[in-house]
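Below you'll find the structure, written out as structure tokens, and then a few comments.
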Amino acid sequence: MAELAALEDPKAREVNERHGDDHGVNLTKLRALAKRLKTQQELARGLWETEDTAARLLAILICRPKAFGRDELDGMLRQARTPKVHDWLVNYVVKKSPHAEDLSLAWSADPDPVVASAGWALTTERVAKKPEGLDLAGLLGVIEAEMKDAPDRLQWAMNHCLAQIGIEHAAHRARAIDIGERLEVLKDYPTSPGCTSPFAPTWITELVRRKHEKTVV
């Protein structure tokens with residue numbers, strides 16, 4: 001904890017706080033510390049229990065994802081209220097867990113929109129990597145009905161799922177693009193030069209074009 005405190009940078013904290021993250025540790029330095037510590041599950045658990053955001057990010061980097069029980073992961077997600085801890089926990093830990101599918105179903109139906117967004121993030125991963133057994137048409141129906149009025153983080157996760165379905169599954173592409181065009185979610189989102197817009201029709205079209213170019217080459 002003393003070492004993490006020494007890495008505190010007021011400018012980094014100022015930038016992070018604009019995104020809802022209450023820490024000031026440079027993430028490159030945090031990753032270097034994690035690389036030095038290597039995997040230490042008990043230390044990871046101890047760091048998580050401090051409730052400090054930087055400590056929790058470090059815990060995620062040095063933990064053993066498959067060592068956590070299903071209920072333990074559920075509790076950790078509900079405690080992870082800052083966006084960076086939430087996203088890292090889902091992407092670096094839960095996605096590698098044998099409980100990912102069970103938690104995906106449970107979280108997607110949760111009344112807490114932040115918890116539900118984690119369920120959608122896990123579903124999006126499956127859309128891309130293991131779509132067998134998924135009702136893609138049904139997912140598009142839920143997105144069509146609920147995404148427009150969903151709270152920000154849930155809306156973002158549903159939009160990512162919409163785009164992923166359109167990118168990965170040609171049979172559903174036209175419907176995914178049509179839903180995106182009608183709902184106009186993130187249509188005016190500011191996008192840096194060289195980056196792809198998160199507006200689903202633009203995102204789908206651009207990623208499909210890149211895939212096609214790679215295939216041709």
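Might you let me know whether region 23-37 holds any residue that is small (Gly, Ala, Ser), exposed (fewer than 13 other Cβ atoms within 10 Å of the Cβ), part of a loop (DSSP other than H, G, I, E, B) and touching a residue at least 12 places away in the same chain (Cβ under 8 Å)?
no
Select, from 148, 187, the only residue that is part of a loop (DSSP other than H, G, I, E, B) and out of contact with any helix residue (DSSP H, G or I) (no Cβ under 7 Å at 6 or more places or on another chain).
After ruling out the rest, the residue left standing is 187.
Within region 128-151, is there a residue that is among the acidic types (Asp, Glu), under 18 Å from the mean Cα position of the chain (by Cα) and surrounded by 12 or more Cβ atoms within 10 Å (Cβ to Cβ)?
At the first step, the residues of region 128-151 found to be among the acidic types (Asp, Glu) are 132, 135, 144, 146, 149.
Narrowing the set further to residues that are under 18 Å from the mean Cα position of the chain (by Cα) leaves none.
No: zero hits.
Would you check which residues across region 9-22 are part of a loop (DSSP other than H, G, I, E, B), open to solvent by less than 100 Å² (accessible area, probe 1.4 Å) and either in contact (Cβ under 8 Å) with a residue 40 or more places away in the chain or at positive phi (or both) and list them?
Hits for region 9-22 are 20, 21, 22.
Can you pull out the residues in region 160-179 that are within 11 Å of residue 137 (Cβ to Cβ), open to solvent by less than 30 Å² (accessible area, probe 1.4 Å) and small (Gly, Ala, Ser)?
176
Go through region 190-217 and give me each residue that's open to solvent by 100 Å² or more (accessible area, probe 1.4 Å), β-branched (Val, Ile, Thr) and assigned to a helix (DSSP H, G or I).
Taking region 190-217 and keeping what is open to solvent by 100 Å² or more (accessible area, probe 1.4 Å), we get 190, 193, 209, 212, 214-217.
Now narrow it down to the ones that are β-branched (Val, Ile, Thr): 215-217.
Once the filter is applied, which keeps residues that are open to solvent by 100 Å² or more (accessible area, probe 1.4 Å), β-branched (Val, Ile, Thr) and assigned to a helix (DSSP H, G or I), region 190-217 yields 215, 216.
The values are calculated or read from the model by the stated rules, or taken from the named source; none is laboratory data. A quick note: this is a predicted structure, and the numbers were derived from the prediction, not measured. FYI the Cβ positions are ideal-geometry reconstructions off the backbone, even for glycines, and counts take in every protein chain you see. Heavy atoms of the whole protein, side chains included, go into the accessibility calculation; ligands, DNA and RNA do not. Shrake-Rupley method; radii C 1.70, N 1.55, O 1.52, S 1.80 Å.
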